[in-house]
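Q: Questions regarding the structure given below will be posed in turn.
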Amino acid sequence: QVQLVESGGGLVQPGGSLRLSCAPSRSIFMTYSMGWYRQAPGKQRELVAAITRGGTINYADSVKGRFTISRDNARNTVYLQMNSLKPEDTAVYYCNADIQDRPIGAPVGYWGQGTQVTVSS
């Protein structure tokens with residue numbers, strides 16, 4: 001079973017930066033769309049940013065101009081650079097990816113376990 005492994009969360013002051021990373025736990029054939037979602041206490045999970053294998057990007061309006069999503073297709077890794085962080089960015093951030101595990105077969109959606117991002121002074 002493939003797992004998505006996230007890293008890079010933590011506590012940061014307002015205005016600070018963090019970089020999240022996410023990659024499969026073992027070698028796989030290919031990843032397609034990859035993205036980041038977040039869920040704050042008492043709120044629904046929401047899309048933060050997503051990127052297709054070809055590089056088409058979609059951002060939530062609340063993070064445009066502050067967050068940058070990127071990916072390394074050779075490493076099947078997705079990154080989220082978060083700058084100018086605000087207290088309202090505090091949430092658990094989840095990685096999501098459509099993974100094709102073997103050359104034959106359809107891609108399947110996977111979620112990471114989540115990483116906490118806390119923005120507070």
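Yes/no matrix, rows are residues, columns are (1) without any contact (Cβ under 8 Å) to a residue 12 or more places away in the chain; (2) under 20 Å from residue 1 (Cβ atoms); (3) within 17 Å of the chain's Cα centre (by Cα):
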| residue | (1), (2), (3) |
| --- | --- |
| 14 | no, no, no |
| 23 | no, yes, yes |
| 32 | no, yes, yes |
| 35 | no, no, yes |
| 85 | no, no, yes |
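Q: Report, by residue number, each residue of the range 1-18 that is touching a Gly at 6+ places or on another chain (Cβ under 9 Å) and surrounded by 14 or more Cβ atoms within 10 Å (Cβ to Cβ).
A: Quick first cut of the range 1-18, residues touching a Gly at 6+ places or on another chain (Cβ under 9 Å) only: 3-6, 9, 18.
Answer for the range 1-18, where residues must be touching a Gly at 6+ places or on another chain (Cβ under 9 Å) and surrounded by 14 or more Cβ atoms within 10 Å (Cβ to Cβ): 4, 5, 6, 9, 18.
Q: In the range 1-24, which residues are part of a strand (DSSP E or B) and over 15 Å from residue 83 (Cα atoms)?
A: Quick first cut of the range 1-24, residues part of a strand (DSSP E or B) only: 4-7, 10-12, 18-24.
Across the range 1-24, the qualifying residues are 4, 5, 6, 7, 22, 23, 24.
Q: Just one of the numbered conditions (1) of a type in the set (Ser, Thr, Tyr); (2) open to solvent by 40 Å² or more (accessible area, probe 1.4 Å); (3) under 12 Å from the mean Cα position of the chain (by Cα) is not true of residue 115; which one?
A: (2)
Q: Looking only at the range 47-64, decide whether some residue is more than 12 Å from the chain's Cα centre (by Cα) and either crowded, with 21+ Cβ neighbours inside 10 Å or under 16 Å from residue 18 (Cα atoms) (or both).
A: Yes, because at least one residue in the range 47-64 is more than 12 Å from the chain's Cα centre (by Cα) and either crowded, with 21+ Cβ neighbours inside 10 Å or under 16 Å from residue 18 (Cα atoms) (or both).
Q: Taking into account only those residues within the range 65-94 that are open to solvent by less than 50 Å² (accessible area, probe 1.4 Å) and basic (Lys, Arg), which is farthest from residue 33 (Cα to Cα)? It would help to see each step written out before you state the result.
A: Pass one, the range 65-94, residues open to solvent by less than 50 Å² (accessible area, probe 1.4 Å): 66-67, 69-72, 76-80, 82, 85, 89-94.
Subsequent filtering for residues that are basic (Lys, Arg) retains 66, 71.
Values: 66: 21, 71: 10 Å.
So the residue we want is 66.
The values are calculated or read from the model by the stated rules, or taken from the named source; none is laboratory data. Computed from a predicted model, the values in this text were never measured in an experiment. Positions of Cβ are backbone-derived with ideal geometry, glycine not excepted, and every protein chain shown enters the neighbour counts. To get the accessible areas, we keep the full protein, side chains included, count just its heavy atoms, and leave off ligands, DNA and RNA. Shrake-Rupley method; radii C 1.70, N 1.55, O 1.52, S 1.80 Å.
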